[in-house]
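Everything below concerns the one structure shown next.
Read-outs throughout are calculated quantities, based only on the coordinates presented, and are distinct from any laboratory measurement. Since the structure is predicted, the reported quantities are computational estimates derived from the model, not experimental observations. So basically every Cβ, Gly included, is an ideal-geometry build from the backbone, and we count neighbours across all protein chains shown.
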Amino acid sequence: MEKKLSAASLRALNYTKGPEWFCEIVTKPITGDLAENDPEVTRRDPSAVIHADGLFHVWYSKSKGRSHGFGSGDLDAKTFPWDHCDIWYATSTDGWHWEEQSLAVARGSKGSYDDRSVFTPEILAHEGKYYLVYQVVISPYLRRSFENISLAVADSPSGPWTKLPGPILEASADGEWEGEEDNRFLVKKKGSFDSHKVHDPTLMFYQGKFCLYYKGEPMGEEMFFGGRETKWGVAIADKIEGPYIRSEYNPVTNSGHEVCVWHYNGGIAAMLTTDGPEKNTLQWAPDGINFEIQAVIKGAPHANGLFRTSDHDIGPLEGLRWGLCHVVDDETGTGYINRFEIDESLKEYFMKRETYE
Ligand code: AAL
């Protein structure tokens with residue numbers, strides 16, 4: 001009898017590139033300062049973890065006090081846990097016990113492009129130097145505030161960090177607000193996918209260029225396939241300080257929240273979570289731009305900062321093997337840090353080959 005394949009079987013064959021892409025991710029508690037669930041202190045959005053000078057290092061957003069949201073009437077009041085942040089850093093000898101070391105990058109002085117908050121950092125170690133990329137906001141922080149990305153450089157993970165004089169990537173701001181009210185949903189024109197915010201920067205040295213992956217949010221954001229309208233773009237530069245030119249293919253994803261990318265097999269692998277029609281998928285782009293689904297996953301914790309390993313070509317999941325992520329306390333809204341890992345106990349289960357025959 002002629003073998004027939006249903007639409008579902010055919011479709012699955014398109015994205016089940018191999019069982020080695022399938023996994024589940026689990027979180028585990030860490031110990032030390034970053035594990036503290038303190039109602040007055042937020043530590044969130046950990047960067048990638050790097051190993052240098054015999055230690056693991058991580059950077060993260062840190063702020064004090066409770067949040068009041070937008071529209072509290074006090075323009076100086078902290079709006080969200082990522083407002084009034086500075087970037088701090090911590091070290092660990094084993095990846096489990098983390099000790100806070102010091103401030104890395106502080107907010108700028110009043111009137112500067114980063115005077116309100118510097119947050120959501122990522123790290124790139126490149127040719128003996130260290131580069132932090134992060135989000136910046138200027139005061140006052142309003143619903144219609146545009147959010148940008150900036151960079152600081154240091155000779156050692158412990159700093160001192162030198163900031164660039166201005167952002168390396170700004171929101172494209174090519175939409176048009178409707179009226180004067182501070183309402184980010186009212187627009188005459190939405191503009192590009194990243195017209196309002198460029199967030200969650202991750203800088204990768206790839207094919208001899210600096211590729212800045214980021215999450216975009218448009219002015220007049222709407223719901224999109226049951227999630228927020230967030231997609232990723234990439235901006236590419238010959239020199240690390242820029243200029244960063246957006247890819248003509250942007251957005252390069254139709255889904256995803258915090259950017260999570262790693263090197264694999266000459267391309268860039270990605271884990272997309274939280275929002276969009278392709279949330280909870282692992283994807284891979286042979287050119288860093290044209291991503292295809294490789295596997296679906298159950299989901300993953302928020303704001304994953306991957307351990308950067310030079311072993312990323314051992315297998316597709318090597319660059320995702322472990323890292324740090326944040327947990328938000330439901331009651332206080334403040335954040336603290338956990339560790340995530342690929343659940344090794346399920347490896348055998350996922351590696352069993354299945355066919356449609
Ligand atoms: C996160 C990230 C960015 C946003 C805020 C802090 O989910 O997407 O970092 O600005 O929330």
Quiz item: What's the Cα-based Rg to Rh of the stretch 19-351, Rh via Kirkwood?
Solution: 0.94
Quiz item: Remind me, relative contact order of the stretch 19-351 in percent, using alpha carbon pairs under 8 angstrom and six or more residues apart?
Solution: 19 percent
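Find how much the distance from SER102 to SER247 grows on full extension, using 0.36 nm per residue of separation minus their present alpha carbon separation; answer in nm with one decimal.
48.6 nm
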Practice problem: List every residue whose amide H lies under 5 Å from the amide H of ASP114, counting only residues 5 or more places away in sequence or on a different chain, with H placed 1.01 Å from N in the peptide plane. | Solution: GLY108
Quiz prompt | Helix-only CD estimate at 222 nm, as mean residue ellipticity for the chain, using -39500 (n - 2.57) per DSSP H run (n ≥ 4) | solution = -1000 deg cm²/dmol
Quiz item: For GLU20 and ASP74, what is the calculated FRET efficiency with R₀ set at 56 Å and r taken between the beta-carbons, to the nearest 0.05?
Solution: 0.60
Quiz item: By average Cβ neighbour count within 10 Å, what is the ranking of 155-162, 47-54, 86-93 from highest down?
Solution: 86-93, 47-54, 155-162
Exercise. Would you calculate the separation in nanometres between label points at LYS28 and ARG66, each defined as 7 Å from the Cα along the Cα-to-beta-carbon direction?
Key: 3.6 nm
Quiz item: Karplus couplings for the stretch 110-117 from phi (6.51 cos²θ - 1.76 cosθ + 1.60, θ = phi - 60°), rounded to Hz, Gly and Pro as x?
Solution: 3, x, 7, 5, 10, 7, 9, 7
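Do any trypsin sites (Lys or Arg not before Pro) in the stretch 50-84 lie in a loop, going by DSSP, with at most 16 other beta-carbon atoms within 10 Å of their beta carbon, and if so which?
Filter output for the stretch 50-84: ARG66.
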Quiz item: How much net charge surrounds GLY305 when only the other residues with a Cβ under 15 Å from the Cβ of GLY305 are counted, with Lys and Arg +1 and Asp and Glu -1?
Solution: +3
Practice problem: Hand me the GluC sites (Glu not before Pro) from the stretch 273-347 located in a DSSP loop with no more than 14 other Cβ atoms within 10 Å, in residue order please. | Solution: GLU331
Quiz prompt | Full-extension gain in nm, ALA125 to LYS209, via 0.36 nm per residue minus C-alpha separation | solution = 28.8 nm
Quiz item: For the pair GLU178 and ASP311, what calculated FRET efficiency results from E = 1/(1 + (r/R0)^6), where r is the Cβ-Cβ distance and R0 = 41 Å, to the nearest 0.05?
Solution: 0.20
Quiz item: Hey, what do the phi angles of the stretch 99-109 turn into as Karplus ³J(HN,Hα) couplings, whole Hz, using 6.51/-1.76/1.60 and θ = phi - 60°, x for Gly and Pro?
Solution: 10, 5, 9, 6, 5, 9, 10, 9, 4, x, 6
Quiz item: Among residues other than THR120 whose Cβ falls under 10 Å from its Cβ, what is the net charge (Lys/Arg +1, Asp/Glu -1)?
Solution: -3
Practice problem: DSSP loop (so not H, G, I, E, B), at most 15 other Cβ within 10 Å: list which chymotrypsin sites (Phe, Trp or Tyr not before Pro) in the stretch 90-140 pass both filters. | Solution: TRP96
Quiz item: If you stretched the chain out fully between LEU186 and ARG144, how much longer would it get, using 0.36 nm times the residue separation minus the C-alpha to C-alpha distance?
Solution: 14.1 nm
